[in-house]
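**Student:** Below is a structure I'd like to ask you about.
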Amino acid sequence: MKAQRIIQKMKTFAQKMPRAYQVAAFIVVLGISVLAMMPHAAPHRAQDISRVALVTRTGETVELHAVIGGRPAVINAWASWCPFCTQELPDLVALQKEFGDAVVVIGVNRNEDQNDAEAYLRSIGAEEGLVYLYDPFDFLYQTIGGYVMPETIFVSPDGHVVTHVRGPLSPEEMRRHTQLLILGKELPPMKEEPSGPGVVGCRDGGQCFF
């Protein structure tokens, strides 16, 4: 209603102007009219990944909300061709042990043969201690807009991404993010992939930068 009153006043005012000014006023009025009719943008909310479907080690398809179970979650996308995962997965196992039931740590394998992935986990001593899920169609990675490896997301109990870290994390960084997640405090902005020769991470397909 307020916008309509403003438009009417401008129309009345424009009628008293010279022709050139009337044309300009008409354009302004038209713009205001279009904006007034546009729906208001919805408030920004963190990305919801709770409905992403993945596969358990026993072959059952589950949605992430069922695995998270109303707890804060640390979810790591990994693959055997990612050299950084060799250390990061055991660090995540240690993280789960340290925080216990206060958080659930999930390792999501990206579109690899399960036998090969399981053999890799055994080779680095990380076959137990985490919830491991398989993503044969790469749904999670695509949903979070992944473009390097590994990628780790810190997720609220209701399944919303609170922070997203691209590339490897040190144990100290993992611990800090997890502590803040459990406390429900605001986390730092997303750690973006560095540009240029200092890039740290692996591109999809195995091309790595050191």
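**Student:** Identify all residues within segment 22-58 that are out of contact with any Phe, Trp or Tyr (no Cβ under 9 Å at 6 or more places or on another chain), modelled with pLDDT of 50 or more and of a type outside the set (A, V, I, L, M, F, W, C); write none if there are none.
**Tutor:** Scanning segment 22-58 gives GLN22, ARG45, GLN47, ASP48, SER50, ARG51, THR58.
**Student:** Kindly check whether there is at least one residue in segment 70-88 that is at pLDDT 95 or above, of a type outside the set (A, V, I, L, M, F, W, C) and part of a helix (DSSP H, G or I).
**Tutor:** Yes, segment 70-88 has at least one match.
Residue-by-condition table, conditions (1) modelled with pLDDT under 90; (2) of a type in the set (Phe, Trp, Tyr); (3) surrounded by fewer than 18 Cβ atoms within 10 Å (Cβ to Cβ):
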| position | (1), (2), (3) |
| --- | --- |
| MET149 | no, no, no |
| GLY159 | no, no, no |
| THR178 | no, no, no |
| ILE182 | no, no, yes |
| LEU187 | yes, no, yes |
| GLY206 | yes, no, yes |
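**Student:** OK, next. So GLU98 fits all but one of (1) out of contact with any Lys or Arg (no Cβ under 6 Å at 6 or more places or on another chain); (2) under 20 Å from ASP135 (Cβ atoms); (3) of a type outside the set (Ser, Thr, Tyr); what number is the exception?
**Tutor:** That leaves (2) as the condition not met.
**Student:** Right, another one. I'd like to check which strands (runs of 3 or more DSSP E) are fully inside segment 109-176 and have at least 3 residues that are in contact (Cβ under 8 Å) with a residue 60 or more places away in the chain and in the same structural domain as LEU92 (by TED's automatic domain parsing). Walk me through how you get there before you give the answer.
**Tutor:** On the way: elements: 131-135, 151-155, 161-166.
Qualifying strands (runs of 3 or more DSSP E): 131-135, 151-155.
**Student:** Across segment 47-69, which residue is surrounded by the most Cβ atoms within 10 Å (Cβ to Cβ) among those that are part of a strand (DSSP E or B) and without any contact (Cβ under 8 Å) to a residue 60 or more places away in the chain?
**Tutor:** Top of the filtered list is GLU63.
**Student:** Which residues, taken from segment 86-121, are among the β-branched types (Val, Ile, Thr) and within 20 Å of the chain's Cα centre (by Cα)?
**Tutor:** VAL103, VAL104, VAL105, ILE106, VAL108
The values are calculated or read from the model by the stated rules, or taken from the named source; none is laboratory data. Given the structure is predicted, the values throughout are model-derived calculations rather than measurements. Methodologically, a virtual Cβ is constructed for each residue, glycine included, from the backbone with ideal geometry; neighbour enumeration extends over all protein chains shown.
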